[in-house]
Structure formats: structure tokens, C-alpha cells
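These notes are about the structure you will find just below.
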Amino acid sequence: MNKKRIMFVLFTFIICVAFTGCSLQNKIKEYSSDKEQCYLNTENVTQFSYKGNDYTILADTVSNGGLGEWIGYIRQLAAIDKNGKILLQENVEAATFQSLADLAEKAPEAAYIIPFLNVYAAPNADDYLIVDVNGGYHKAILSENIKDSDTIFDFKGTEKPINGSFEINPENATQLLCGEVVYQVTADIVSDDELGSYIDILAKNVTFDTETKKPLSKKDLSSIDWYGENNGQGREQWIYTDIYEIYGIDKSEAVAVKVNNQYYIAKRQ
């Protein structure tokens, strides 16, 4: 795994563990202290600023081997409307699982939620940058240099609408639902090298009954068992994060889902 791939995994990890300890936050801040903070254009999610210059993100992508020096960061989850206007942003550094999970509720008009991570220089060119968007490395050029022949990043095509995304089965916390399709999370582990394209992010922290597999509500978790009615009840906690395709396997048959910081195969039932 090369350095650029490690950086991608690192920042995916940031989203996944939601900074459960202050020491991790401090390490990330220290590691990126010499990098330039970049800012998304709230009126147009396809644009961001770097060192005072405005850049437009293109549909063109490069492989992780085509990245130059890591020079900046955005590190935001952006909730946007159908026209590309940013309604709400969650700073990845300060995000919690609850804030990520509630992002759609905080911005009910949002049609898409897209993660923006790092910004890189081009390895052998100075006329464009590379930005990590939604799991892909997209070229970005100065907005003033955009030509009619350039294809701008299609935010609608790279992130599934909220209403058509994956969700946890409310009757079985070990299963995922995508429309009418049910995926069962298995014990089979998927390595990072086997991951394909990014599909979705769940960002859900669920506690469930180990026997029935049914999720426990906040009321269930906070209630005091005065009469010992729940004695012997087993409880398990799963922290769901992102979902990826698996190389060589059609996503209609199985996907990789990260649970408790480990990718597992979820098979269609």
C-alpha cells in the first residue's frame, strides 16, 4: 500500500471512528499543520478555493498513483440540494457519529451528501490540482480557465440520492437494505486491496439484542431495569460506516461494509 493510499485510508478512518479520542484529533492536526486549508463554494459544490484562487472540479479522475504532493485539505461532509448548493457542512475533525447520522435530518432539503477530503498537486503539471471527492481523485483547474470543452464534476452522478441509499434493517441490525434488496453482513473479512468503488456512507452507531438482532431504541438504552426484566439480555454494538464495491463481485450480489473499523462482506439474501 503506497503513501497516497495510506492517506486515503487514514482519512476514511477519521470518518469511520469519528474521532473517539482527543489524542487522535491532535495527531491528525499535527500531521496536517503545514497543509493549506481549502474552502468549498457554498453556492456551487463543484468549486473550492486554494490559497485565494478559485478552482472548479472536473469529471476527469486520476489513479492514486497519479497523485503529487499532498498540499491541502477540505475534510468536509457536504449536504447539498439538487442544484449543487451546500446546505450544511460537517467538519470531519469535529464530527461525531450522531452528527454524521443526523446530517440529512439537519438539512431536510438535501438531496445528496458528499465527502471532500484532501487536495494534491499534480505530479508533473502546474495547471491543475487533484481533490479527493467521494472516494475519487478528481482534477481541478482554475475557474477562470474553464473551457466549454471541459466536463465539470457531476455531483448527481457520483453520489446516490439519500432516498435511494443503503440503510440498516430496522428489524435486524445485522442486515442492510437497499430498496427491496436485503444484504446480510457476514463474518467474512475484506482487505483494503479488495475494495472497489465507493458506494455510500451510513455513519450509524447501533446497539441491538444479540438474540433477536433488533436494534434497541434510545429509550431502551436509557431506561433503568428496576425489576430485572432484562437480566441476561445480550447486547452488541456495531458502528457502521462506509460501503464499497468488492473487486470482481457485482454489487447487486455483495458489497463491503465497514463495521467496528473492519470491512465485512454483506451478501444479498
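For this structure, a couple of remarks:
- Residue within the stretch 39-57 that is under 18 Å from Tyr137 (Cα atoms), at pLDDT 95 or above and in contact with a His (Cβ under 7 Å, 6 or more places away or on another chain) present: yes
- Taken across the stretch 128-144, residues that are at pLDDT 90 or above, loosely packed, with under 13 Cβ neighbours inside 10 Å and either assigned to a helix (DSSP H, G or I) or not assigned by TED's automatic domain parsing to the domain that holds Ile199 (or both) do occur, with at least one present.
- The single residue among Ile86, Ile71 that is touching a Leu at 6+ places or on another chain (Cβ under 7 Å), at pLDDT 90 or above and surrounded by fewer than 21 Cβ atoms within 10 Å (Cβ to Cβ) turns out to be Ile86.
The values are calculated or read from the model by the stated rules, or taken from the named source; none is laboratory data. The model shown is predicted, which means the values in this text are computed figures rather than measured ones. Heads up, the Cβs are rebuilt from the backbone with ideal geometry, glycines too, and the neighbour counts pull from every protein chain shown.
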